[in-house]
Amino acid sequence: MSDVVIQATNLSVDVQSKQILKNISFQVLKGEVLALLGGNGAGKSTTIKTFLGLMKPTSGDVSLVGVSVPTNPDVVRKQVAYLPESVMLYGHLTAIENIRYFLSLSGKQKSDEDIAVSLKRVALQSSSWHQPLSGYSKGMRQKTAIALALLRDAPILFLDEPTSGLDPVAIDEFNRLINQLASQGATILMVTHDVYGACHVANRIGLLRDGELVGMFDAPAEGNIDSEVVHKAFSQGSEA
Amino acid sequence: MNFLDVRRETVFLLRKKSIALLLLAGFLLASFSVWTGSVDVAQQHQTIERLLVGDSVDREEVTHKHHDYGYIAYYTFHLTYAPPSPLAFAALGVRDIYPWKHRVRMLALEGQIHESDTPNPELALAGKIDFTFVIAVFSPLLLILLLHDLRASERAAGRHDFLVVTARTRNSLWPLRTAILMVALWLALIVPFLLGCAVNGVGIVDVFMISAIVLVYLLFWSVICYLVARLAFPAPVLASLLLGGWLLTTFIIPAVGDVVIEEAYHGPEGGNILMTQREAVNDAWDLPHQVTMDAFLETHPQWQGKTQTTSLFEWKWYFAFQQVGDEKALPLAIAYQQTAEDRYRAAGYIALLSPATLLKRALTHWAHTDAPAAWHYEQQVRAFHAELRQFYYPFLFNGTPYSEASLADRPVFTPYKNTER
């Protein structure tokens, strides 16, 4: 039995006659973290949305644990936790109420203790747990969303610019959490333009440029990365 | 979808101030309409009670004052009425346009009935704010406000995709939210109605039927809102689309339909009937008695040989020309009624394009406050008036000596039971 959990096969996605993704293929194995790097408009978010069943492939296929997403979106979503770049949880609800609401929406029931543990893991101050999210900073909202993702116990995580808005300490905490989840068997696909951050958490890094997967390599040890790689990832406009 | 889903979304949605305010507005509107409808119906009952008492007093006075069948027939008024059904408080219908009470005399009847014209009231929605009006006109508006931005607001807040991906099943999110808001609005509207039913003594079948009709109507609009809310447009665009549809079907189509029907179906006016009958009656004063009696005998051959008169004024001649006046106006009255029925039928076709009008027709039909109910009452009045003539004619044409005791057999109007439910 293959350990392939996330798979894109010859994936192309057109939006209003414009080709956003161009025949990309990749796999993510169980317990692996793959970071897709690219500049604005490279197709990073489109890739994630296609895996979430929010966009349909024009050609090719995406599958999770061997199940085609376009034909079975409801089936595969049950195994997925998704963390958008700027998740807007409900402002009139507190962090705990938001978590309870979204857990219930996903069909999960967790105890107050579990929720407290998760909120502590993301280092959200306990004094704010019962405050409406409308008074939260972007970083605090993001921490709440990360706590929620952890509580989902999903074997597959899709992270869209997950550290956006977090302070350096929180980013460090987040990276540790991701590594911990991966070591426990979670399979993670994250898209980011934070090259250095990606090197800290990912096992492999894919380079997306103008909808094409132009490179795939193992993340360098110690998080050091060649400046040429950074240049390749973000120079799509100037090289055209 | 399970009970936990329903509880979660219900608690979540009802915590939103905008939703709570809209539901409160629906509840207050429905309460106001039920209250005004109940007051209106109570006033109709009071009017009937008052008129019944006055009618009885008048009749006694006439009986004591006159000792001649002709005078008594001439001066005695008889109250006819169609009491409001218990459900009328919720659907006042056309009772403010069509008469529901007449104090008739033995004189020519058609003029008494057609003192005023009745247009196409079922297409004139801007009337009293009764429960039917609140449901037909306001409830879609409230639903549109509740549902138009179901997804658009989440999209604008950047939550849409997150919600979709997180939801355990497709039905546990948007369809469930739509259903909960629809049921919440239905409850907000129907609770005042149920209280009104309890106060007005409405039967359980009527309560069930009206509640079900209202639910189906809200379901129809909810499906429309749900489908439109799926479109990936900003909330103001979606609201404009839905409000346009509401305006078109609720006001524009009935208004245009009214104009088209008025143009398509022509018939005599009530005033024509009144004038024809009055002219016939007035002309009779100048005609030889025998001319009137000959015309009368054509429809009442049983009085052959008993129509001769010996003085300038005799009651049998007077009431005979009243009868002849009615008969001259009868073709116009039939044409008038036929036109009204044709217009009503055509309005039914227009209603197929206007859910609000269709609902109004259904509720007023169920409450016996629609045009056919009014026509039925008219026929009751005609039948009662014919009974009066049948009662008095033998005394008048046979020259029976007056006996007050015989008046005990005089017909008394009995309102049709269906109007009382």
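The values are calculated or read from the model by the stated rules, or taken from the named source; none is laboratory data. This is a predicted model, so every value here is computed, not measured. We place every Cβ from the backbone using ideal geometry, glycine too, and count neighbours over all the protein chains shown.
Structural remarks
- Yes/no for B:Ala347 being within 28 Å of the chain's Cα centre (by Cα), farther than 30 Å from B:Val137 by Cα, at pLDDT 90 or above and not acidic (Asp, Glu): no
- For segment B:164-205, a residue qualifies if it is under 16 Å from B:Phe3 (Cβ atoms) and in contact with a Ser or Thr (Cβ under 6 Å, 6 or more places away or on another chain), and the qualifying residues are B:Arg168, B:Ile180.
- Just one of the listed residues (B:Leu142, B:Leu163) is at pLDDT 95 or above and either under 22 Å from the mean Cα position of the chain (by Cα) or assigned to a helix (DSSP H, G or I) (or both), namely B:Leu142.
- Check on B:Asp283, among the charged types (D, E, K, R), modelled with pLDDT under 85 and surrounded by fewer than 21 Cβ atoms within 10 Å (Cβ to Cβ): yes
- Summed over segment B:381-417, the residues that are under 21 Å from B:Tyr98 (Cβ atoms) and not in a loop (DSSP other than H, G, I, E, B) give a count of 7.
- Matching helices (runs of 4 or more DSSP H) fully within segment B:1-109 where at least 1 residues are under 28 Å from B:Gln379 (Cα atoms) and either more than 14 Å from chain A (Cβ to nearest Cβ) or touching a helix residue (DSSP H, G or I) at 6+ places or on another chain (Cβ under 6 Å) (or both): B:17-65, B:69-75
- Sole exception among (1) over 19 Å from A:Leu52 (Cα atoms); (2) outside any helix (DSSP H, G or I); (3) away from chain B (no Cβ under 12 Å) for A:Pro162, by number: (1)
- Residue within segment B:62-72 that is modelled with pLDDT under 95, buried (at least 19 other Cβ atoms within 10 Å of the Cβ) and of a type in the set (Val, Ile, Thr) present: yes
- The one condition in (1) within 14 Å of another protein chain (Cβ to nearest Cβ); (2) without any contact (Cβ under 8 Å) to a residue 40 or more places away in the chain that A:Ile156 fails to fulfil: (2)
- Within segment A:76-103, residues that are at the interface with chain B (Cβ under 7 Å from one of its Cβ atoms) reach partners that are among the β-branched types (Val, Ile, Thr) with beta carbons closer than 6 Å, at six or more positions or on different chains, in the pairs A:Arg77/B:Val165; A:Val80/A:Ile156; A:Tyr82/B:Val165; A:Phe102/B:Thr166.
- Consider segment A:153-186 and keep the residues that are in contact with a Leu (Cβ under 8 Å, 6 or more places away or on another chain) and more than 20 Å from A:Ser45 (Cβ to Cβ). The one that is modelled with the lowest pLDDT is A:Leu177.
- If the condition is being at pLDDT below 90, surrounded by 20 or more Cβ atoms within 10 Å (Cβ to Cβ) and within 14 Å of chain B (Cβ to nearest Cβ), then segment A:104-144 contributes A:Arg141, A:Gln142.
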